[in-house]
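Read through the structure below, which is laid out as C-alpha cells, and then see the notes.
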Amino acid sequence: MIHPQFSHFISQFLPQSRIDHSLRVAQSARQLAKHYAVDEDAAEIAGILHDVAKCLSPDKCKDHDLIVSSETNQVWAQFSRIWHQYAGAEITAAQFPSLSEPIISAIRWHTTGTANMAPITQIVFLADYIEPQRRLDTRLVIEQLAYSNLDQTTYALALLSLTDLIKRQIPIFLESIQCHNFYLSKIAKNDAKVIGHL
C-alpha cells in the first residue's frame, strides 16, 4: 500500500480482521479503477477508509472526539447496519480535509449505493463485495461482471442486496431502492433478465 497514513488512521478504530478487509477492498478498487481508467490512488484511498466507522457508534464517536452530524446519528436508530457509511464519510472529511469529494462520496455510498454514482463510487461499492476473501456464492460472478460493465454490475449487486434484505426481513434504506431503480433504468431489458437469474 502506498498510503500508510490512512492505514494507520483506521487502525485506531478497527480490529486487524477489518483492517485486512479494508486493504483487500483497496486493492480490488485500485484494480477496477485501472481497468476503467479512473483515478487509481483515489479508489485505493477510498477503499482503505471505507469502513473506518464500522465498529463505531454515536457514543463511541463521542469517546474518540469524532464529530458526526445529528442527521447522520438519526440513521443509527433504524438503520444501524448502514450508519457507518455516513459516519465514515463525515469522519474522513473532517480528519483529511484535503481529500477530494469523490473519495468522500465513495465512502458515503459504499454499503447502500445510490442513484447516479460516479465511477469511483461504483468501483468502491463493487470492490467491497468482490474482495478475494468474501465468502459469498455470487462473488466470482459479480467480479467477472465488474470487469465487463460497471452499470450492469451495480444493478446486479443492488438486486442481490435487496433480495437478501427482503428474505431476512431487514428494513430497507431508501438509497438502496433508488440505486436499484436507477441502474435498472440504465441497462437493457435483456441484460436485466439475465442478471435476475444470477
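The values are calculated or read from the model by the stated rules, or taken from the named source; none is laboratory data. Computed from a prediction, not measured in an experiment: that's the story for all the values here. Cβ atoms come from the backbone with ideal geometry, glycine included; neighbour counts cover every protein chain shown. Side chains included, ligands, DNA and RNA excluded: accessible areas come from the protein's heavy atoms. Shrake-Rupley method; radii C 1.70, N 1.55, O 1.52, S 1.80 Å.
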message = Just to be sure I understand, how many residues within segment 129-182 are closer than 18 Å to Q27 by Cα, in contact with a helix residue (DSSP H, G or I) (Cβ under 7 Å, 6 or more places away or on another chain) and of a type outside the set (G, A, S)?
response = 11
query = From the set of residues in segment 103-113 that are crowded, with 20+ Cβ neighbours inside 10 Å and not hydrophobic (A, V, I, L, M, F, W, C), which is farthest from A42 (Cα to Cα)?
reply = T112
query = Take the residues of segment 183-198 that are within 11 Å of Q152 (Cβ to Cβ) and at pLDDT 75 or above: which is surrounded by the most Cβ atoms within 10 Å (Cβ to Cβ)?
reply = Y183
query = If you scan segment 141-165, which residues turn out to be part of a helix (DSSP H, G or I) and more than 20 Å from A115 (Cα to Cα)?
reply = V141, E143, Q144
task = Give, as residue ranges, the helices (runs of 4 or more DSSP H) completely inside segment 27-92 that count at least 3 residues that are open to solvent by 30 Å² or more (accessible area, probe 1.4 Å) and not hydroxyl-bearing (S, T, Y).
result = 58-63, 70-78
query = Can you name every residue in segment 93-128 that is farther than 25 Å from Y155 by Cβ, among the small types (G, A, S) and in a helix (DSSP H, G or I)?
reply = A93, A94
Any pair with Cβ under 7 angstrom, 6 or more apart, that starts in segment 130-141 at a residue that is more than 18 Å from S17 (Cβ to Cβ) and ends at one that is assigned to a loop (DSSP other than H, G, I, E, B) and open to solvent by 70 Å² or more (accessible area, probe 1.4 Å) = T138/L198; V141/L198
request  = List every residue pair whose Cβ atoms lie under 9 Å apart, where the two residues are 6 or more positions apart in sequence or sit on different chains, the first residue falls within segment 146-173 and is in contact (Cβ under 8 Å) with a residue 60 or more places away in the chain and within 16 Å of W109 (Cβ to Cβ), and the second residue, located anywhere, is assigned to a loop (DSSP other than H, G, I, E, B) and open to solvent by 40 Å² or more (accessible area, probe 1.4 Å).
outcome  = L150/Y36
